[in-house]
1. Select, from A:F207, A:F169, the only residue that is open to solvent by 60 Å² or more (accessible area, probe 1.4 Å), under 17 Å from A:R34 (Cβ atoms) and within 19 Å of the chain's Cα centre (by Cα).
2. If you go through the stretch A:43-74, how many residues are over 26 Å from A:L142 (Cα atoms), at the interface with chain B (Cβ under 8 Å from one of its Cβ atoms) and assigned to a helix (DSSP H, G or I)?
3. Mind listing whichever residues of the stretch A:157-181 are acidic (D, E) and in a helix (DSSP H, G or I)?
4. When residues of the stretch B:121-138 are filtered for being open to solvent by 10 Å² or more (accessible area, probe 1.4 Å), in contact (Cβ under 8 Å) with a residue 40 or more places away in the chain and either at the interface with another protein chain (Cβ under 7 Å from one of its Cβ atoms) or acidic (D, E) (or both), how many remain?
5. Taking the stated definitions as given, is A:D213 closer than 19 Å to A:K116 by Cβ and exposed (fewer than 13 other Cβ atoms within 10 Å of the Cβ)?
6. Just need a number here: residues in the stretch A:76-87 that are facing chain B (nearest Cβ under 8 Å) and surrounded by fewer than 22 Cβ atoms within 10 Å (Cβ to Cβ).
7. Hey, B:A114 hits all of (1) of a type in the set (G, A, S); (2) more than 7 Å from every other protein chain (Cβ to nearest Cβ); (3) more than 15 Å from the chain's Cα centre (by Cα) but one; which does it fall short on?
8. Pick from the stretch A:88-120 the residues that are open to solvent by 30 Å² or more (accessible area, probe 1.4 Å) and not in a helix (DSSP H, G or I): which of them is farthest from A:S217 (Cα to Cα)?
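The values are calculated or read from the model by the stated rules, or taken from the named source; none is laboratory data. Bear in mind the structure is a predicted one, so any value in this text is a computation, not a measurement. Cβ sites come from the backbone with ideal geometry, for glycine too, and all protein chains shown count toward neighbours. These area figures cover heavy atoms from the full protein model, side chains too; ligands, DNA and RNA do not enter into them. Shrake-Rupley method; radii C 1.70, N 1.55, O 1.52, S 1.80 Å.
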Number of protein chains: 2
Amino acid sequence: MLKFYFNGSPNPTKVALFLEEAGLPFEPVKIDTRKGEQFAPEFLKINPNGKVPAIDDNGTIVFDSNAILLYLAEKTGKFLPAANVRGETLSWLMFVATGVGPYSGQAVHFRHFAPKDQNHDYAHNRYQFEGHRHYQILDDHLARHRYMVGEAYSIVDMALWGWARMAAFVLGEDAVAKYPNVKRLVDEISARPAAARAIALKDKFTFKSEMDDEARSNMFKHMGTKVA
Amino acid sequence: MLKFYFNGSPNPTKVALFLEEAGLPFEPVKIDTRKGEQFAPEFLKINPNGKVPAIDDNGTIVFDSNAILLYLAEKTGKFLPAANVRGETLSWLMFVATGVGPYSGQAVHFRHFAPKDQNHDYAHNRYQFEGHRHYQILDDHLARHRYMVGEAYSIVDMALWGWARMAAFVLGEDAVAKYPNVKRLVDEISARPAAARAIALKDKFTFKSEMDDEARSNMFKHMGTKVA
């Protein structure tokens with residue numbers, strides 16, 4: 001059976017959504033990143049990047065949430081936009097994968113986790129700006145299209161949902177209302193039973209909840225390491 | 001004929017490499033980002049993200065360098081690893097696309113372009129650390145494999161080459177020698193005639209070379225914009 005290495009963060013949750021939507025049987029394997037389980041040698045053999053999600057599909061290892069979405073969609077034929085919009089599919093999937101995801105991650109870091117005893121105004125502003133810029137592009141696109149690509153719900157919508165349902169955490173409470181077309185799509189997906197199951201998956205396991213020194217040392221290794 | 005919207009930066013150059021390797025006829029279209037040509041309404045119709053590279057393949061628009069590499073490899077059947085390593089192909093392509101690329105971009109920003117009248121030690125250290133972490137993973141992988149995926153040179157190597165040939169600029173002059181297996185692959189690719197042509201493409205055009213106020217205002221819009 002497909003093993004799904006996960007925690008409750010945005011990137012694993014979009015893969016959980018696909019697995020639930022497609023009805024694929026899977027064995028969830030908890031990786032508690034606040035405890036440093038992503039650095040266990042046996043997990044680094046699965047994903048040398050030391051991150052979740054990753055899957056072991058009967059011996060085929062795939063890591064990175066967007067790689068997994070594309071791999072599973074191609075394998076099952078489910079939630080994959082048609083071949084005649086392949087260019088659009090790859091373009092918008094990469095817009096989410098290389099833009100929305102990385103910039104949201106940086107925005108979250110400087111909004112919530114960077115140490116408060118230093119001034120991070122410049123970096124905070126840079127990543128909030130980039131976050132808003134990406135959301136405006138998405139909102140303009142979704143003002144003209146019900147879904148990200150083609151006429152049907154697809155992996156590109158799932159990829160976006162993973163991060164966009166966290167928009168308030170990434171960009172502040174008032175960000176959600178600024179992008180009504182993104183909100184419409186996020187709300188539509190969140191209302192699906194598969195989304196509720198994907199979000200609830202983490203609650204079947206016990207994850208470390210405290211963001212204490214142990215968690216910070218496992219999640220933000222750069223803080224303890226000075227690079228020239 | 002395929003239109004290739006480009007400048008001389010790392011992401012367009014990896015697409016230029018593919019076009020040259022595959023021998024695909026193309027019409028290069030200069031987008032001078034220091035002059036703000038990426039924000040022209042006619043270009044935003046091609047790539048709403050206002051970035052290069054993008055292609056117009058006889059009406060099929062594709063943007064994001066990694067999306068273009070995958071699209072062209074699938075279309076032509078060239079430099080695409082075999083179907084039996086599809087999971088590995090997508091994993092490592094995404095490792096480059098969502099990790100090496102974005103973190104290199106941030107590392108470059110804080111090493112070279114963030115204003116010197118503020119202290120950026122924390123952000124600089126964060127992105128240098130992440131850059132080195134990614135290079136170490138690549139170096140360990142390439143110690144055991146001649147190419148990134150499978151037994152042959154592919155789009156995943158091209159994606160890596162785009163950024164890795166700039167390692168000294170991203171991580172400092174001494175970084176190149178720290179990752180000898182990455183250097184071996186970069187040197188092998190850089191020695192190919194197609195790579196020389198890809199790098200030389202920009203020299204057929206005149207790009208603005210000064211990093212002055214106009215260039216900064218076009219390339220780093222967050223600097224002039226305060227976000228809550």
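1. Checking each option against the conditions leaves just A:F169.
2. The qualifying residues number 0.
3. Let us first name the residues in the stretch A:157-181 that are acidic (D, E), namely A:157, A:173-174.
Answer for the stretch A:157-181, where residues must be acidic (D, E) and in a helix (DSSP H, G or I): just A:D157.
4. Result for the stretch B:121-138: 2.
5. On the way: closer than 19 Å to A:K116 by Cβ: yes; exposed (fewer than 13 other Cβ atoms within 10 Å of the Cβ): yes.
Answer is yes for this residue.
6. Result for the stretch A:76-87: 1.
7. All conditions pass for B:A114, except number (2).
8. A:N119
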